[in-house]
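Data first, discussion second: the structure below is written as structure tokens.
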């Protein structure tokens, strides 16, 4: 469950930075990090499962093996999506909030899958290296001309011209290659949508909307100095291909649209200002998405009784929805009503047993009971969560606390080592791993993994 206030359950910021790029670009070299004010990564089971359902058929059509790419959400209201060399696909929450239908998001995923399947990440690095070599060669030739013609003003100016011309040529060559990649990804996206019997209309609508937004910005811009095709050219090329699809008029299923509407309501409830939420979901709107958004908004602003009443009303209408139970559990836990929170979260897990993030919340609720008899249950739930979400530092932090309450210091130190490692605190990770090694049985899984942390440190030192 996302939360606007808790570091542990919503916004997770990369401690070591992440690669980013402009909307639907093949990735560039820019780096965003929490320390520099970059946008954080959002974790939420409901949204992640929905995006996984959107992506699975597309990935299959693109020949991308299951589990090889993970989709992550960026806490940014702009419309943006990109892939990185770590085989991760990032989607801004702005893209989800702006999308009216599942098909629009699926189209974006299909485009980014085109970059992955086309090997554009690797090829672009090669093109960048070639461009750098071209620019360097120009610099050397130009410098040589200037040295050879020392004292000759014309020779000196000619050398400068060679250097500048080489740099411009290298830049234009790279940008031309990037435009070609974008066009290839567009065509691949429509191919994947056709293969999965889905409409390319959502992708086309997205580009049209972005084209309208960019029209003023690109007026007078040299098209050869852009990394993407000009908006109007891109739309013209896509329209003919998209409208030729036999699936152009296919609509999203009612069930998928309903999940999409709930996802957008949830996001707006967590990130939108009160007046924004109230404009989108007026008081007279009694739909499930509207009630969901207002329940979350009341939770954010500490109107706990109102939030609980609204979420109970939603549960009454949709008792099979695990995420309503999850939200209720989180509200109760943060209100100090741990016993009731455990009950609600167990209901959520019963409906969504594979949700590591919800299990981690249940583990924390069990710890919050302050009863030694519940610590073993907490360890079990948190261990399960850590297996499903091994890169979540906060789960390891809670697990370390739980093992500590059991006086299992070896596992507490091991869990603390995992947390520190994920947070990028290598010295603390080594210290905890060393202590864990001295306490854990030799050859045990945790001891072997502690060795991995220690060996990683040695390799880094070399």
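The values are calculated or read from the model by the stated rules, or taken from the named source; none is laboratory data. Remember, predicted model here, so these are calculated numbers, not experimental data. Glycine also receives a Cβ, built like all others from the backbone with ideal geometry; neighbour counts cover every protein chain displayed.
Worth pointing out:
- The condition (being under 29 Å from residue 52 (Cα atoms), buried (at least 17 other Cβ atoms within 10 Å of the Cβ) and more than 29 Å from the chain's Cα centre (by Cα)) is satisfied by just one residue among 330, 310: 310.
- Extreme residue, modelled with the lowest pLDDT, among residues of the stretch 231-245 that are under 22 Å from residue 98 (Cα atoms) and surrounded by 15 or more Cβ atoms within 10 Å (Cβ to Cβ): 231
- In the stretch 272-290, the residues that are under 17 Å from residue 326 (Cβ atoms) and either surrounded by fewer than 20 Cβ atoms within 10 Å (Cβ to Cβ) or in contact (Cβ under 8 Å) with a residue 60 or more places away in the chain (or both): 288
- Selection status of residue 394, at pLDDT 95 or above and in contact with a strand residue (DSSP E or B) (Cβ under 9 Å, 6 or more places away or on another chain): yes
- Residue, nearest to residue 52 (Cα to Cα), within the stretch 63-87, restricted to residues that are touching a residue at least 24 places away in the same chain (Cβ under 8 Å) and not in a loop (DSSP other than H, G, I, E, B): 71
- Residue in the stretch 360-371 that is farther than 28 Å from residue 314 by Cα and either touching a helix residue (DSSP H, G or I) at 6+ places or on another chain (Cβ under 6 Å) or surrounded by fewer than 22 Cβ atoms within 10 Å (Cβ to Cβ) (or both) present: yes
- Filter result for the condition that a residue is free of Cβ contacts under 8 Å to residues at least 24 places away in the same chain, under 20 Å from residue 412 (Cα atoms) and surrounded by fewer than 24 Cβ atoms within 10 Å (Cβ to Cβ), over 343, 383: 383
- When the stretch 372-390 is filtered for residues that are assigned to a helix (DSSP H, G or I) and out of contact with any helix residue (DSSP H, G or I) (no Cβ under 6 Å at 6 or more places or on another chain), the ones remaining, listed by number, are 372, 373, 376, 380, 383, 387.
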